[in-house]
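Below is one structure, written out as structure tokens; comments come after it.
Rule-based calculations on the coordinates, nothing more; no lab input. Since this is a predicted model, take the numbers as computed values, not measurements. Here the Cβ positions follow ideal geometry from the backbone for every residue, glycine too, while neighbour counts run over all protein chains shown.
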Amino acid sequence: MKRTAFILTAVLLGALASCTSTEELVGEADVLYKQKKYSEAVPLLQEAAERGDAQAQLMLAKCYDFSQGVPHDMAQAVRWYTAAAQQGNSNAMDNLGTCYITGQGVAKNEATAFAWYQRAARLDNPHALNNLGLCYLNGQGVAKNDTLAAENFRRAAQMGHRSAQYNLGRCYFHGIGVPRDEENARYWVSKAASQGDKEASAFMADHQWLTMP
């Protein structure tokens, strides 16, 4: 009975979607998504994604990526991340890069991951800048370059990205790509900790640092 009700709901939503503008579809889906009503949001996102809306494609990809309203399916996630990324959506580019670097839903390819992170970083996406920094730090898809790692961490950190703040702080603490500077290390790690970064908080506790004022 429940399955029949779900199918009927999906059919009704689909019929409604066909008479609705793409902008209205995405707007309604976004409201449902934020309310965590993923099963109701998915048919609307599917319709808008198939019409070519990049934001809907990104949201639909995330639904498949994180099992929100649909079964986990990384192949479908990659499909829709790619569609949105090819339209210039920097968040989709970043997520697609992560799929390639981890080999989820697609064959692992660090060089392709780096290329997508780089494209998103050029659009000042802080998540991608942090991931690009990690690629340079670890030599994934590109020659290891500590200076460029620290530079990308800095750009993202200045945008408020907490993981990048922690990574930049560690660069200063260990002298990776920048001169060793404990004051700067403490400053950036503290900023990350103040945003709830658990690794940063643990780092501060290990070194008996107090939070910066």
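Within segment 94-124, which residues are among the aliphatic types (A, V, I, L, M), assigned to a helix (DSSP H, G or I) and more than 19 Å from residue 45 (Cβ to Cβ)?
101, 111, 113, 115, 120, 121
Which members of segment 86-106 meet the condition of being crowded, with 17+ Cβ neighbours inside 10 Å, in contact (Cβ under 8 Å) with a residue 24 or more places away in the chain and not polar (S, T, N, Q)?
92, 93, 94, 97, 99, 101, 105, 106
Only one residue in 180, 122, 155 is under 18 Å from the mean Cα position of the chain (by Cα), surrounded by fewer than 21 Cβ atoms within 10 Å (Cβ to Cβ) and free of Cβ contacts under 8 Å to residues at least 12 places away in the same chain, so which one is that?
None of the others qualify; the one that does is 122.
Checking the structure you have, find out if any residue of segment 71-87 is in a loop (DSSP other than H, G, I, E, B) and under 19 Å from residue 113 (Cα atoms). Reasoning before the result, please.
Narrowing segment 71-87 to residues in a loop (DSSP other than H, G, I, E, B): 71-73, 86-87.
From what is left, the residues that are under 19 Å from residue 113 (Cα atoms) are 86-87.
Yes, segment 71-87 contains a residue that is in a loop (DSSP other than H, G, I, E, B) and under 19 Å from residue 113 (Cα atoms).
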